[in-house]
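Peer 1: This is the structure I want to talk about, given as structure tokens.
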Amino acid sequence: MKFIEAKEKDIPLIQDLAKRSWEVAYATILSSDQIEYMLRTLYSQNEIKTHLKNPNYRYYLICDESNNSFEGFIGYEQGYQEYTTKLHRIYLVPESKGKGIGKAAIDFLKEKVSSGSDRRIILNVNKNNMAKKFYESQGFSVFDEVVVDIGNGYVMDDYQMEFLFHGDLT
């Protein structure tokens with residue numbers, strides 16, 4: 001498994017990986033109209049370009065070296081809050097699930113975060129997304145619930161989860 005830091009030239013690949021992942025991951029959770037709206041807004045060229053210009057935000061493409069294929073990506077922001085990194089995005093294409101790639105990506109993120117000053121990783125996960133169980137298996141726990149208006153009459157109804165290094169933030 002290889003993690004390659006994404007650059008502006010990789011935006012079309014990120015968009016394609018997101019679309020392939022979302023079409024399966026959210027098919028039974030969100031309407032097709034909401035999926036299309038969210039992909040169009042959250043994964044627009046300008047949105048990703050803005051992230052890439054932020055010195056604290058990183059995208060990494062996940063490459064399976066055995067067949068030289070891109071299996072997904074992660075996007076995270078260090079210093080999101082005091083001592084906190086936010087995992088904004090982690091998506092794998094459907095055919096890569098169950099191969100340990102998600103665990104490898106979380107381990108990669110934990111390694112990146114632990115080498116800096118942040119001591120906590122947070123993320124949001126849809127309340128109906130089976131990924132919640134995966135995050136729990138990786139040491140994350142629910143600390144809150146949130147409903148976020150994302151426009152166009154849509155909301156994200158999520159659990160907020162956290163992973164704490166060394167047990168606390170003190």
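Peer 1: Give the Cα extents of the chain along the principal axes, in whole Å, largest first.
Peer 2: Largest to smallest, the principal-axis extents are 43, 39, 33 Å.
Peer 1: Ok, one more. Would you compute, for the Cα atoms of region 31-74, the largest minus smallest coordinate along each principal axis and list the three values in descending order, in whole Å?
Peer 2: Projected onto the principal axes, the Cα atoms of region 31-74 cover 36, 31, 13 Å.
Peer 1: Decide, for region 83-170, between rounded, prolate and oblate: order the square roots of the alpha carbon gyration tensor eigenvalues as a ≥ b ≥ c, take rounded if a/c falls under 1.5, and otherwise choose prolate if a/b is larger than b/c, else oblate.
Peer 2: oblate
Peer 1: Which one of Y26, I74, I14 has its Cα pushed farthest toward the positive end of the charge dipole of region 2-121, where Lys and Arg give +1 and Asp and Glu give -1 at the Cβ?
Peer 2: I74
Peer 1: With +1 on the Cβ of every Lys and Arg and -1 on the Cβ of every Asp and Glu, and nothing else charged, how large is the dipole of the chain about its Cα centre, in debye rounded to the nearest 20?
Peer 2: That gives the chain a dipole magnitude of about 340 debye.
Peer 1: Straight-line reach from K127: which lysines fall under 25 Å, measuring Cα to Cα and dropping same-chain residues less than 8 apart?
Peer 2: Excluding near neighbours in sequence, the set is K19, K86, K97, K99, K103, K110.
Peer 1: Let me ask you something else. Take peptides 136-146, 54-64 and line them up by average Cβ neighbours within 10 Å, highest first, as a rough protection proxy.
Peer 2: Per-residue mean Cβ counts within 10 Å order the peptides as 54-64, 136-146.
Peer 1: Can you tell me the order of 71-78, 27-34 when each peptide is scored by its average per-residue count of other Cβ atoms within 10 angstrom, highest first?
Peer 2: Highest to lowest by the protection proxy: 71-78, 27-34.
Peer 1: To continue, here is another question. Please work out the Cα center distance from region 36-64 to region 140-160, rounded to the nearest Å.
Peer 2: 19 Å
Peer 1: Anyone know which of N46, N126, N67 comes out most mobile in the 10 Å Cα GNM of the chain?
Peer 2: So, out of N46, N126, N67, the one fluctuating most is N67.
Readers should treat all values here as calculations from the given coordinates under stated rules, not as data from a laboratory. As the structure is a computational prediction, the values presented were derived from the model and not from experiment. Cβ sites come from the backbone with ideal geometry, for glycine too, and all protein chains shown count toward neighbours.
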